[in-house]
Amino acid sequence: MSNYVIQADQQLLDALRAHYQDALSDRLPAGALFAVKRPDVVITAYRSGKVLFQGKAAEQEAGKWMVKRGADPGKRQERETASPPLEHRLEKLSAIGSDEVGTGDYFGPIVVAAAYVERSHIAKIAALGVKDSKQLNDEAIKRIAPAIMETVPHAVTVLDNPQYNRWQRSGMPQTKMKALLHNRTLVKLVDAIAPIEPEAIIIDEFLKRDSYFRYLSDEDHIVRERVHCLPKAESAHVSVASASIIARYVFLDEMERLSRAIGLSLPKGAGAMADEAAARIIRERGEEMLETCAKLHFANTKKALAIAKRR
């Protein structure tokens, strides 16, 4: 989808509003003066004077207004591939953040969490020492996560190993799994906080926004409004860092549960310790037991089989 931005003065903004009067939308993004929705173009005018054109006819429509101002379209337009700009700083918005853990761990599930942090709770959550879960040790996660979960609405989705392995064998890439899990988690949280609507929904980027939504084409319910896929999103809003911590907390709990069921402390990550643990499971419980606790397509499975045969 093409995106173009022009800078407009008040006279041009008034002209735009009048021209598209019949297609003005009642739903406005944060910081917007007005929005226009037509089948082939969506136009959003912001308080800063920026006007964003999106859709098949974006270049054509933007070009009309740049010509009317006597501008050189080649110089005036700014191509954009990200989500529409937020005119307030992201960190100050009431927002939902979404993040996942477990994708690089041989043992254990994938866990996606989403957390809604409204403006009035941002300072309180930040004061808890919230940061990306990768920067916190397990003890800190277990201390901070319950306080976050008591304070903010949240939702969690766990993809257990048997289902992960079924999806993987069907040919589904892990990126699509994550897209499905993020969307399903967002659906749960958006429904839970309704009629409240977040000013932004921020996903820690693992795919570009367009690719993310392509993976969701077969889903019955898709959260689309105000969704932004941002790299290092945990630094953009405390809600993403909160979701990261909640996801890690649930992942740790799931790992402890699996370890009890297997009768062996399952290591995190996908290194040599995972190879050794998997080999021991094969020897003591049989290869089929890995189906219940591991991501079988990882190279660890082949290494573990080789280790088990040698001993």
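Every number in this text was worked out from the coordinates using simple rules, so none of it is lab data. A quick note: this is a predicted structure, and the numbers were derived from the prediction, not measured. Here Cβ is always computed from backbone atoms with ideal geometry, including for glycine, and neighbour counts include all displayed protein chains.
List every residue whose amide H lies under 5 Å from the amide H of Glu205, counting only residues 5 or more places away in sequence or on a different chain, with H placed 1.01 Å from N in the peptide plane.
Residues meeting the amide H criterion: Leu230, Lys232, Ala233.
Please list 3J(HN,Hα) in residue order for region 134-141, calculated via the Karplus relation 6.51 cos²θ - 1.76 cosθ + 1.60 where θ = phi - 60°; whole Hz, with x for glycine and proline.
5, 8, 10, 7, 4, 5, 5, 4
Order these peptides, 193-201, 235-243, by their mean beta-carbon neighbour count within 10 angstrom, highest first.
Details: 193-201: 15.9, 235-243: 27.8.
Averaged packing, sorted descending, gives the order 235-243, 193-201.
Starting at the first residue of region 215-222, write each ³J(HN,Hα) from the Karplus equation 6.51 cos²θ - 1.76 cosθ + 1.60 with θ = phi - 60°, in whole Hz, x for Gly and Pro.
For region 215-222, the Karplus curve yields 5, 9, 4, 9, 6, 6, 10, 10 Hz.
Please count, across region 204-311, the pairs of lysine residues with Cα atoms under 28 Å apart that sit 8 or more places apart or on different chains.
The result is 11.
Indicate the gyration tensor shape class of the chain (rounded, prolate or oblate), computed on the Cα atoms with a ≥ b ≥ c the square roots of the eigenvalues: a/c under 1.5 is rounded; otherwise a/b larger than b/c is prolate and the rest oblate.
Cα axes put the chain in the prolate bin.
Per residue of the chain, what 222 nm ellipticity follows from adding -39500 (n - 2.57) for every DSSP H run with n ≥ 4, rounded to the nearest 500? Provide the component values of the computation, followed by the final result.
On the way: 11 runs with 135 residues, N = 311.
Dividing the helical sum by the residues of the chain leaves -13500 deg cm²/dmol.
Contour minus end-to-end for Met273 and Asp218, with contour as 0.36 nm per residue of separation and end-to-end as the Cα-Cα distance?
Numbers: separation 55, 0.36 × 55 = 19.80 nm, distance 3.86 nm.
My answer for the length gained is 15.9 nm.
Need the full-extension length gain, Arg143 to Ser211, defined as separation in residues times 0.36 nm minus the C-alpha distance. One decimal, nm. Working shown, then result.
Working: separation 68, 0.36 × 68 = 24.48 nm, distance 3.59 nm.
The Arg143-Ser211 span can extend by a further 20.9 nm.
Check Arg38: other-chain or 5+ apart residues with amide H under 5 Å from its amide H, H built from backbone geometry?
Ile43
At a Cα cut-off below 20 Å, give the lysines reachable from Lys37, other chains included and same-chain residues fewer than 8 away excluded.
Answer for Lys37, where 20 Å is the Cα cut-off: Lys50, Lys56, Lys64, listed by chain and number.
Provide the gained length on full extension for the span Ala23 to Arg257, in nm with one decimal, where the gain is 0.36 nm per separating residue minus the Cα-Cα distance.
Details: separation 234, 0.36 × 234 = 84.24 nm, distance 5.45 nm.
78.8 nm is the gain from fully extending Ala23 to Arg257.
Which FRET efficiency value, to the nearest 0.05, do you get for Gln163 and Ala127 by plugging their Cβ-Cβ distance into 1/(1 + (r/R0)^6) with R0 = 41 Å? It would help to have the intermediate numbers written out before the result.
Numbers: r = 38 Å, r/R0 = 0.91.
That gives a FRET efficiency of 0.65.
Given H placed 1.01 Å from N in the peptide plane, which residues other than close sequence neighbours of Ala270 have an amide H under 5 Å from its amide H?
Excluding prolines and chain starts, which carry no amide H, the hits are Tyr106.
What does the charge dipole of the chain about its Cα centre add up to, to the nearest 20 debye, if the Cβ of each Lys and Arg holds +1 and the Cβ of each Asp and Glu holds -1?
Details: 46 positive and 41 negative charges, 149 e Å.
The calculation lands at about 720 debye.
Peptides 183-192, 94-103: what's the order by average Cβ count within 10 Å, highest mean first? List each step's numbers first, then the result.
Numbers: 183-192: 19.6, 94-103: 25.8.
Ranking, from highest mean packing down: 94-103, 183-192.
Determine which lysines satisfy two conditions relative to Lys188: a Cα distance under 22 Å, and not lying fewer than 8 residues away in the same chain.
Straight-line reach from Lys188, under 22 Å: Lys176, Lys178.
Applying the Karplus parametrisation 6.51 cos²θ - 1.76 cosθ + 1.60 with θ = phi - 60° to the phi angles of region 53-65, what ³J(HN,Hα) value in whole Hz is obtained for each residue in order, glycine and proline being reported as x?
Once rounded to whole Hz, the list reads 10, 10, x, 4, 9, 4, 5, 4, 5, 4, x, 4, 7.
Per 5 Å bin from zero, what fraction in whole % of the C-alpha pairs of region 90-257 is there, up to the bin with the longest pair?
1, 9, 20, 23, 21, 14, 8, 3, 0, 0
So how far apart, in nm, are the two label points at Glu287 and Lys56 if each is 7 Å from Cα heading toward Cβ?
5.2 nm
Pairs of alpha-carbon atoms within less than 8 angstrom and 6+ residues apart define the contacts here; what relative contact order does the chain have, in percent? Let's see the in-between values first.
On the way: 546 pairs, mean separation 64.8, N = 311.
It comes to 21 percent, rounded to a whole number.
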